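A short write-up of the structure that comes next.
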Amino acid sequence: MNFDDDKAGLLLNAIGMAVVDLIAAQVPITRDTLVERLEHNRKVTGNVIGKGANRDAAELVRKGQ
């Protein structure tokens, strides 16, 4: 995947927020738990840009690219 700086920033923010959520909940950080949290965040996010960022970040983590 090739990202411009803005999209990379959105993905980094989504992944970072998911990691912080998992740490706060004292959940082990694994690929599966990270993808689950990103998908959860996508569902609860009210704006289209946030939904897309979480969806793309989950795909990136899932595929490991």
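Read the figures in this text as sums done on the coordinates, not as results from a lab. Note that the coordinates shown come from a computational prediction; the quantities given were computed from them, not determined experimentally. With ideal geometry, Cβ positions are generated from the backbone for all residues, glycine too; neighbour counts draw on all protein chains shown.
What is the angle, in °, between the Cα long axis of helix 48-63 and the longest principal axis of the Cα atoms in the chain? Nearest 10 is fine, range 0 to 90.
70 degrees
Could you work out [θ]222 nm for the chain from helices alone, using -39500 (n - 2.57) per DSSP H run of at least four and dividing by all its residues? Round to the nearest 500 deg cm²/dmol.
-25500 deg cm²/dmol
Over all alpha-carbon pairs of the chain, lay out the pair-distance distribution in 5 Å bins, whole %, shortest bin first.
Histogramming the chain at 5 Å steps yields 3, 20, 31, 25, 15, 4, 1 percent.
Can you give the charge dipole size of segment 5-63 about its Cα centre, rounded to the nearest 20 debye, using +1 on the beta carbon of Lys and Arg and -1 on the beta carbon of Asp and Glu?
The calculated dipole for segment 5-63 is roughly 140 debye.
Which angle from 0 to 90°, rounded to the nearest 10, does the C-alpha axis of helix 31-44 make with the longest principal axis of the chain?
Roughly 70 degrees, rounded to the nearest 10.
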